[in-house]
Structures are given as C-alpha cells and as structure tokens.
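Quick notes on the structure that follows.
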Amino acid sequence: MKILYILISLFLLTSCSSQKAFVQLDGNWSIVEAMGKSTATGEKQPFITFESGKVHGNASVNLFHGSYTLKGSHLTFSHMGMTMMMGSSMDVEAAITQAFEKTIRIACSKDQLYLLDAQKDTVMTLVKKP
C-alpha cells in the first residue's frame, strides 16, 4: 500500500513538468498577481484567454491581444498589441505588460498557473476561471 501512495505522489509531483498532458492552457484565467503586485486594485479584474495559439484579455484598463507558443513548459508571447486608454490602475497594467515580456516558461499547482522568467521567478499568477 505504501508503494501505491509513493507512486501516486511521484505522479502528482511530476504532473506539472509535462504541461500538455496535465494543464489545459486554453480557456479563461484570472490574473491575480503580476511582478509581485496584486491585481485586486485594478479598475477591472484582469484576465487572459488562451485559444489555439492566440491570446487576448484585459490588463485592468486596456484590452490586449497577441499570440503565444507553448512547447513543453516553455511559453512565449509574440505580436502583442494593446488599446491605449488611461485609467486609475496603470500600475497594475504596467506590471502585467512587464510580466508578458519576461515570461519564458510555466509551472502549475492545482488550478493555478505560474508564468516564470529566466531565473524561474514567478512574474504572473493566474487562476483558472470556472
């Protein structure tokens, strides 16, 4: 019985390393933190939607769109564009756009997705929307 628990534990611990099998990236995610800054003070709740290589969402004030590539645990964003309105939570928006620029990989934990930089530091935390 102990062997079964050990095998299940090892399986769960390694599940994040093979993203295609265990993390369904496509869908809607709330952005809850970017560059260490909570997004709770944003004008709108920031979110990101991944759909077959395309990405779009709201960075608190402005809408964004672009492309992404996921190979294993390596994630990159490209061709990103954004509307250019001013608002009261531009600091949240700046943190989100900076996180997009720094992201090179992902990691997961249950219903959360972490975007990581080259030093494997978390630059953005996402929570899967129901």
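In table form, for the structure just shown:
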{"item": "Ratio Rg/Rh, restricted to region 78-118 and using Cα atoms, in which Rh is the Kirkwood radius", "result": "1.05"}
{"item": "All-pairs Cα distance distribution in region 25-130, expressed in whole percent, bin size 5 Å", "result": "2, 14, 25, 29, 20, 8, 2, 0"}
{"item": "Order of exposure, largest accessible area first, which applies to Tyr68, Tyr114 with probe 1.4 Å", "result": "Tyr114, Tyr68"}
{"item": "In order through region 32-39: 3J(HN,Hα) via Karplus (6.51 cos²θ - 1.76 cosθ + 1.60), integer Hz, x for Gly, Pro", "result": "9, 7, 9, 6, x, 10, 5, 8"}
{"item": "Built amide H within the under 5 Å cut-off of Met124, gap 5+", "result": "Met35, Leu115"}
{"item": "J(HN,Hα) series, region 54-62, from Karplus relation 6.51 cos²θ - 1.76 cosθ + 1.60, nearest Hz, glycine and proline x", "result": "10, 9, 7, x, 10, 9, 3, 10, 9"}
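The values are calculated or read from the model by the stated rules, or taken from the named source; none is laboratory data. Predicted model only: the values in this text are computed from it and were never measured. All accessible areas refer to the heavy atoms of the entire protein, side chains included, with ligands and DNA or RNA removed. Shrake-Rupley method; radii C 1.70, N 1.55, O 1.52, S 1.80 Å.
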